[in-house]
Structure formats: structure tokens, C-alpha cells
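*Asks:* Encoded as C-alpha cells, here's the structure I'll be asking about.
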Amino acid sequence: MLTRRHIRIKVMQSVYSFSTAKEEKLEDEVLFFKKSVAQTFDLYLLLLALFNALKHHVSDQLIAYEKHQIKSDKKYLCLKRLAQNSILQFIYDHETLKKHLKNKKFIRWDLEFKFLSDLIDEMIQTESFQTYLEIENPTEIEDLQWLYKCFKESIAPSSYLFDYLEDNQLTWIDDLPVVNTFMLKMLKQIDIKDSNSLQFPKPIENQEDLTFGVTLLERTIQEDAKLQKELEGKTPNWEAERIAKLDGVLLKIAIVELLYFPQIPTKVTLNEYLEIAKDYSTPNSNNFVNGVLDKLVREFTLEKRMIKTGRGLL
């Protein structure tokens, strides 16, 4: 599920956290990093659980409408269409998902009544749902097409969802784009006749990727003083206090990758950390990081300290 760039971002977060904490132990930071990686799967489960919570909430509302014999109301018709969606039913009934959710005590969407109610109202007001509602007897494919659009248009961009995740687990905010992308890919592949079509991936499929992250984290922290010396004289136009702390962290991680990961091409390392600086640091960070890394690469190459082999792993 996670890409190498996402692993680099998590390493950046851990190194930054370690550099600002007092009396922090390296082994504790490594454990936090591994936990952060594992919690990416928890976020995926949380989003699947949201589908189930919406399905359950719709069922409760339908019971209330039918109890009062209000079946001609437009919202009743909308709720009934949601309740009949075969893909939502497939996810709701999935035994493997039920087992996963049973072990995750923190997932309590049933407590978010107002959010569920507001989200359903938003979903049924969209143009895509109104088009879906006009279909007399939707096929499985039409059910799937609408749910895909619903996740993309209403669920993924929800500001309440963003705030909820930020309040419960800060690292989930950075994981959300990756998990959303995977969710959309997964939804496209669902086949209600095949329970295996609902995927439950490991956060990192390749153990080598996790080893890469742990090694990058450990070496950056262990060799901080040495890495700081590598940066001396490389920022003549920038006063120390003007350099964003996060930029310094990114540069140190990049140096470790350039010098101690021979299988990763120089160009890949440069591109990755420039993009991360652009997304996470100050408006000037991209140019600053680019300039410093360019000097470092030329120096390392001249001194034959940077030996690259193989095609590299992205």
C-alpha cells in the first residue's frame, strides 16, 4: 500500500520528532516509525468501517420512516436506494472485514451520528446520485459505479473526516491520500460473487521497503553530528536561523541516502526530497534544498564517496 516516497515522509517525521524531543531514545523512535507504518492499514479499515456505518445508519432511518408509514417522501426513496446497493451490502456482510473490525476497538463510527446523517444528506444531493436514483433496477456494475463516485466526491474530500482523523491519529493525515487512492483502486475490482475481491493488504508488501525505512531512520539519527558537518559551508547565502528546521532534516536524510544506499540512483533521491520539501516545508524550501543537494552531489562525486550500483528501487 505504501510507496517509497511515503516511507521517506514517515522517516522525515520521525527524525524531526527525535530532533525536537528531549531525552528521546532511538529505539523508541524506531518503534514509533514501525507503528506509524502499521497504522496505515488501520486507516484503511476505518474507511471500510465508515461504509458499514453508513449502511447501518440508512437502515435505522428506513425503519423510522416505515414505522410512521412515510413511504412517499423523496428522502425515503433515496435511503431505500442506498440500502439496496449491492456493493455496500457486500462490504457490510464481509466476514473477514468483520473479524478485522472486531479487533479494532477504536473504530466507533456509531458515535458520530451527526456526521453520518450529514454525509448521507450530502451524498443523496449530488448529481451522480440523482442520476443513479433514476435507474429503475441498477445492476451490480451501476451500483459499483455510483459508490466509486460517491467515495471520490463526498467521502474522501470530507472536511469532517479530515478533522476526525487529525484528532485521532496525526500521522493518518499524511496517509490519507495514499489510502484513498488504494480504496478507489480496490472499489473498482469488487465482485460480489468473490469475497477475495475485497482486499486486505499489508501496509508494506515488501519487507525490504520496511528495512529501507528503518535503516534510513537509524543512520540519520546516529550520524547527526557527522551529517551536520557535511552541511557546513554549503549554505553561504542562508543564515542558520533562516534555514527551516525541516529543510535541515530533509538534507540530512538525503545525504544518508546518497552515501549509504548504493542501489538507489542519485536522480531518484534528488527528485524525491525536492518533492517532499515542496509539499511539507516553506515556499523557498524547494530551491534551497535543490541548491544544497546539487553542491553535495558534485562534492561527493569528485571525492568518489558516492558509489551507485544497480538500477535502483523507487
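*Asks:* So which residues in segment 25-39 are touching a Phe, Trp or Tyr at 6+ places or on another chain (Cβ under 8 Å) and surrounded by 14 or more Cβ atoms within 10 Å (Cβ to Cβ)?
*Replies:* Start the filter on segment 25-39 by keeping residues that are touching a Phe, Trp or Tyr at 6+ places or on another chain (Cβ under 8 Å), which leaves 26, 29, 39.
Those that are touching a Phe, Trp or Tyr at 6+ places or on another chain (Cβ under 8 Å) and surrounded by 14 or more Cβ atoms within 10 Å (Cβ to Cβ): 29, 39.
*Asks:* Further question: Give me a count of the residues in segment 91-112 that are over 24 Å from the mean Cα position of the chain (by Cα) and in contact (Cβ under 8 Å) with a residue 40 or more places away in the chain. Before you say what the answer is, go through the steps one by one.
*Replies:* To start, the set of residues in segment 91-112 that are over 24 Å from the mean Cα position of the chain (by Cα) comprises 93, 95.
Next, from what is left, pick out any that are in contact (Cβ under 8 Å) with a residue 40 or more places away in the chain: 95.
Looking only at that region, the number is 1.
*Asks:* A further question follows. Cβ-Cβ under 9 Å, sequence separation 6+ or interchain: first residue in segment 140-160 and not assigned by TED's automatic domain parsing to the domain that holds residue 184 and outside any helix (DSSP H, G or I), partner at pLDDT 95 or above and buried (at least 18 other Cβ atoms within 10 Å of the Cβ). Which pairs?
*Replies:* Listed by first residue and then by second, the contacts come to nothing, as the list is empty.
*Asks:* Among the numbered criteria (1) under 22 Å from residue 2 (Cβ atoms); (2) surrounded by 13 or more Cβ atoms within 10 Å (Cβ to Cβ); (3) among the basic types (Lys, Arg), which single criterion is violated by residue 149?
*Replies:* Result: residue 149 passes all but (1).
Per-residue answers, yes or no, for (1) assigned to a helix (DSSP H, G or I); (2) outside the structural domain of residue 94 (by TED's automatic domain parsing); (3) on the phi < 0 side of the Ramachandran plot; (4) surrounded by 13 or more Cβ atoms within 10 Å (Cβ to Cβ):
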| site | (1), (2), (3), (4) |
| --- | --- |
| 178 | yes, no, yes, yes |
| 205 | no, yes, yes, no |
| 210 | yes, yes, yes, yes |
| 215 | yes, yes, yes, yes |
| 255 | yes, yes, yes, yes |
| 268 | yes, yes, yes, yes |
| 273 | yes, yes, yes, yes |
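*Asks:* Of everything in segment 39-89, what is over 31 Å from the mean Cα position of the chain (by Cα), outside any helix (DSSP H, G or I) and at negative phi? Give them in sequence order.
*Replies:* Correct list: 68, 70, 71, 72, 73.
*Asks:* Residues of segment 180-203 being assigned by TED's automatic domain parsing to the domain that holds residue 90 and among the basic types (Lys, Arg), which ones?
*Replies:* Selection gives 185, 188, 193.
*Asks:* List the number of the failed condition for residue 199; all other conditions in (1) more than 16 Å from the chain's Cα centre (by Cα); (2) part of a helix (DSSP H, G or I) hold.
*Replies:* Every condition holds for residue 199 apart from (2).
*Asks:* Ok, one more. Among the numbered criteria (1) touching an Asp or Glu at 6+ places or on another chain (Cβ under 7 Å); (2) in contact (Cβ under 8 Å) with a residue 40 or more places away in the chain; (3) not in a helix (DSSP H, G or I), which one does residue 135 miss?
*Replies:* Failing condition for residue 135: (2).
*Asks:* Among the residues of segment 281-312, count how many are assigned by TED's automatic domain parsing to the domain that holds residue 267 and at pLDDT below 90.
*Replies:* Count: 8.
The values are calculated or read from the model by the stated rules, or taken from the named source; none is laboratory data. This is a predicted model, so every value here is computed, not measured. Because the Cβ atoms are built from the backbone with ideal geometry, glycine has one as well, and the counts that use them run over all protein chains shown.
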